[in-house]
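Here is the structure we will look at.
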Amino acid sequence: MCFVVNVYAACNYTDKVLFREALTSFKRSYQNMVGCFCDDFNAVRKEDERKGLRGSPSQKKEISGFNCFIDTNCLIDIPCVGKKYTWFKSNGTAKSRLDRFLIFEERLQRWSSYKQYVQPRIVSDHCAIVAKSWVKDWGPKPFHFIDAWFVEPGFKEYVKEKWGTYNVQGNSISNFKDKLKLLKGDLKDWNKNVFGCLQSN
Amino acid sequence: MWGTKENYVKHIVAKEGAKFVCLQETKTTSISDHKCFSLWGDNNIGWVHNERDNGAGSMLSMWHKEKFNYDSHVMGN
């Protein structure tokens, strides 16, 4: 079951605290809940997420309260891309990051490619925020020839033996290219068998 | 103002291929299937709107039924 919670928090400090308590108990009432709280929390996580407003004594309390809410509920504040602030006072004297997506999900890997994109401010004092997966296609993976292969006993014999088995058709230069391509596949297998997967060691 | 904002929502939904949209302070009491379908350019859309204080403080949640199956909803106060 997936929950999407459309959040519009009050400006008033007391109401905000009550609101976050309500969200916490709502989340607690469902086991293994997956989903997100999104949008206007009317609160910031760090002092530099608010600019232009005179630092009130309650500011620190508000920041720690909001962070405590995030920790208590094990929420993931997915990374932000684009503009730093999501709200701008109409005369430009103040700006804050009041809007964000907070994810709740046990399998964190599922969200590892997600980012929140702050859109340009166009029709409101708030900017729209968009959460989406950022997976870039880097094209084919380059082939790495590892120097250490040369000193591994049996390497040269393996290459020689494999090279002799490739049966390719065409002129000399395309034969050579095709054989290199086949050798690449065999070298990958050989590397896996001889050295194993180095990343997992 | 809703007219301009409506166009902006349309623009974002189309540009991002959105599957779930949360709006705050819609300032309207007249959300309809027709309005939501037109925002998405699609009629396979579900929505929930709470009308409060004559539209101020009201929120609209919309989703594409291709990705989300509606089960139930609760509203805060």
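Just so it is clear, none of the values below were taken in a lab; they were calculated from the coordinates. A quick note: this is a predicted structure, and the numbers were derived from the prediction, not measured. Glycine gets a Cβ as well: all are built from the backbone with ideal geometry, and neighbour counts include every protein chain shown.
Annotations
- Semi-axes of the equivalent ellipsoid of chain A are 56, 21, 16 Å, computed as sqrt(5λ) over the eigenvalues of the C-alpha gyration tensor in descending order.
- Restriction of the trypsin sites (Lys or Arg not before Pro) in the range A:91-161 to DSSP coil positions whose beta-carbon has at most 10 other beta-carbons within 10 angstrom yields A:R107, A:K136.
- Inter-chain Cβ neighbour average for residues B:66-76, partner chain, 10 Å: 2
- Counting Cβ atoms of other protein chains within 10 Å of each residue's Cβ and taking the mean over peptide A:127-134 gives 3.
- The Kirkwood hydrodynamic radius of the range A:147-200, based on inverse pair distances between different Cα atoms, is 12.2 Å.
- For B:14-21, mean number of other protein chain Cβ atoms within 10 Å: 3
- Put in line by how crowded their Cβ is, counting other Cβ atoms within 10 Å and starting with the fewest, A:I76, A:I146 read A:I146, A:I76.
- Convex hull projection area averaged over all views, the range B:2-64, Cα basis, nm²: 3.6
- Cβ-based exposure ranking for B:M59, A:M1, A:M33, in which fewest neighbours within 10 Å come first: A:M1, A:M33, B:M59
- Percent of beta bridges antiparallel (DSSP, chain A, rounded to nearest 5): 65
- C-alpha center-to-center spacing [the range A:93-134, the range B:25-41] in angstrom: 23
- With the cut-off at under 13 Å, measuring from each backbone N in the range A:32-71 to a point 7 Å along the Cα-to-Cβ line of A:C11 picks out A:42-43.
- Packing order of peptides B:30-37, A:38-45, highest average first: A:38-45, B:30-37 (average count of other Cβ atoms within 10 Å over each peptide's residues).
- Computed over chain A, relative contact order equals 16 percent, with contacts defined as Cα pairs under 8 Å that lie 6+ residues apart.
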